[in-house]
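The values are calculated or read from the model by the stated rules, or taken from the named source; none is laboratory data. The structure presented is a predicted model; accordingly, all values stated were derived computationally and were not measured. Using ideal geometry, Cβ is built from the backbone for each residue, glycine included, and neighbour counts are taken over all protein chains shown.
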Amino acid sequence: MKKTPLLQKLLPFLSLIILFVALSIASPYFLTPNNLASVARQTAVFNTMALGMTIVIITGGIDLSVGSILGLSGLIGTMALERGVPIPVGIGIGILTGAVCGFLNGFAITRLKIAPFIVTLGALGIYRGTALIISNGLPVHKIPAGFSFLGEGNLLGIPFVVWLLVICAVSVHFLLEHTRSGRYAFAIGSNKIAAVYAGIPVDFHTTTVYAIGGMLTGLAGMIEASRLMTGQPTAGQGYELQAIAAVVIGGGSLNGGEGSVIGTLIGALIMGLLSNGADLLNVSNYWQQVVIGAVIILAVTLDELRKRRAR
């Protein structure tokens, strides 16, 4: 595992603090309990997706299909609920759908020996098209009222999705930092050829990583469906950019071998605060896309310059 300079580790956190203070000064509505709860719920979807993307990027891969997986998972899960399955089972079906999609991505990458960028770019269209085909392009509306608790409910005065996010974050952190699979993920991302010669089952662990990423995206899809109380076949469009940005802003490297759960959570919060602040300040959503793209390019550029100086 590569060591990251202290300043680089602290930079995302400092950026988050500066952004938080700036928005507190710029808008009197930012620090209201309702707005902060709304930010927590909105960012929970991106945070959950980004946790899965973190593991994928650490191995040197990328998944451009997560937005489509989110939409397909949320749609299939809500279709199951519409047919009368218990709410926990419907949520489980959505999560399983995401895991299967992620597994298929990883299987195709390892078996066909095709770059993750190409495989997941194609999968983006396949999963989105599948969602549109099975729904005829129509949303699912007949969902049990109790399903809204997943995305909008509170537990002990805290949004339920925050509790879910904490559980997912702790689990992913434990996986990366305290298990053999986590060490293998860093090893594969740092030097895949060396990992092969070291006897690491690279194909198996790569496929597993994509499956875990898909599973977390499936959960995010069900949270999104719960917040909207509808299964939208078009849900998640453009979300892959948000997830990748969160990982990169949080210190993850698109070259692989670097990344952390804390960094990703901070990166996702920065993205969420930017979006919320833009809404409060009446900034056009179009500019949000410009900012996200520019931030990704800047973060990758800084990472590349740092590596050049280290050589």
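Pairs only if they're at least six apart or on different chains, beta carbon under 9 angstrom, first in the stretch 165-193 and on the phi < 0 side of the Ramachandran plot, second aromatic (Phe, Trp, Tyr); list them, first residue then second.
Close Cβ pairs (under 9 Å, with a partner that is aromatic (Phe, Trp, Tyr)) amount to 176/186; 182/174.
Determine which member of the set 69, 62, 58 is modelled with pLDDT of 90 or more, surrounded by fewer than 24 Cβ atoms within 10 Å (Cβ to Cβ) and touching a Phe, Trp or Tyr at 6+ places or on another chain (Cβ under 7 Å).
On inspection, the qualifying residue turns out to be 62.
I need the full set of residues from the stretch 221-252 which are under 21 Å from residue 37 (Cα atoms) and either out of contact with any helix residue (DSSP H, G or I) (no Cβ under 8 Å at 6 or more places or on another chain) or of a type in the set (A, V, I, L, M, F, W, C) (or both), in order please.
Once the filter is applied, which keeps residues that are under 21 Å from residue 37 (Cα atoms) and either out of contact with any helix residue (DSSP H, G or I) (no Cβ under 8 Å at 6 or more places or on another chain) or of a type in the set (A, V, I, L, M, F, W, C) (or both), the stretch 221-252 yields 222, 223, 225, 228, 229, 243, 246.
Of 195, 185, 278, which residue is part of a helix (DSSP H, G or I), at pLDDT below 85 and more than 16 Å from the chain's Cα centre (by Cα)?
278
Quick check: anything in the stretch 137-157 assigned to a helix (DSSP H, G or I), of a type in the set (Val, Ile, Thr) and touching a residue at least 12 places away in the same chain (Cβ under 8 Å)?
Looking through the stretch 137-157, none of the residues is assigned to a helix (DSSP H, G or I), of a type in the set (Val, Ile, Thr) and touching a residue at least 12 places away in the same chain (Cβ under 8 Å).
Among the residues of the stretch 35-53, which ones are among the β-branched types (Val, Ile, Thr) and closer than 15 Å to residue 239 by Cβ?
Correct list: 43, 45, 48.
Looking only at the stretch 91-107, count how many residues are closer than 11 Å to residue 219 by Cα and either surrounded by fewer than 24 Cβ atoms within 10 Å (Cβ to Cβ) or aliphatic (A, V, I, L, M) (or both).
Total meeting the criteria: 6.
So which residues in the stretch 246-260 are touching a Phe, Trp or Tyr at 6+ places or on another chain (Cβ under 9 Å) and in a helix (DSSP H, G or I), if there are any at all?
246
Scanning the stretch 72-90 for residues that are surrounded by 24 or more Cβ atoms within 10 Å (Cβ to Cβ) and among the aliphatic types (A, V, I, L, M), which turns out farthest from residue 215 (Cα to Cα)?
81
Listed here are the residues, each with its yes/no results for (1) buried (at least 20 other Cβ atoms within 10 Å of the Cβ); (2) of a type in the set (Phe, Trp, Tyr); (3) over 27 Å from residue 45 (Cβ atoms).
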residue	(1), (2), (3)
156	no, no, no
159	yes, no, no
180	no, no, yes
188	yes, no, yes
204	no, yes, yes
209	yes, no, no
224	yes, no, no
230	no, no, no
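Out of the residues in the stretch 242-284 that are touching a Lys or Arg at 6+ places or on another chain (Cβ under 9 Å) and at positive phi, state the one that is surrounded by the fewest Cβ atoms within 10 Å (Cβ to Cβ).
Among those residues, the one meeting the criterion is 257.
Can you tell me which of 119, 100 is within 16 Å of residue 65 (Cβ to Cβ), assigned to a helix (DSSP H, G or I) and touching a Gly at 6+ places or on another chain (Cβ under 8 Å)?
100
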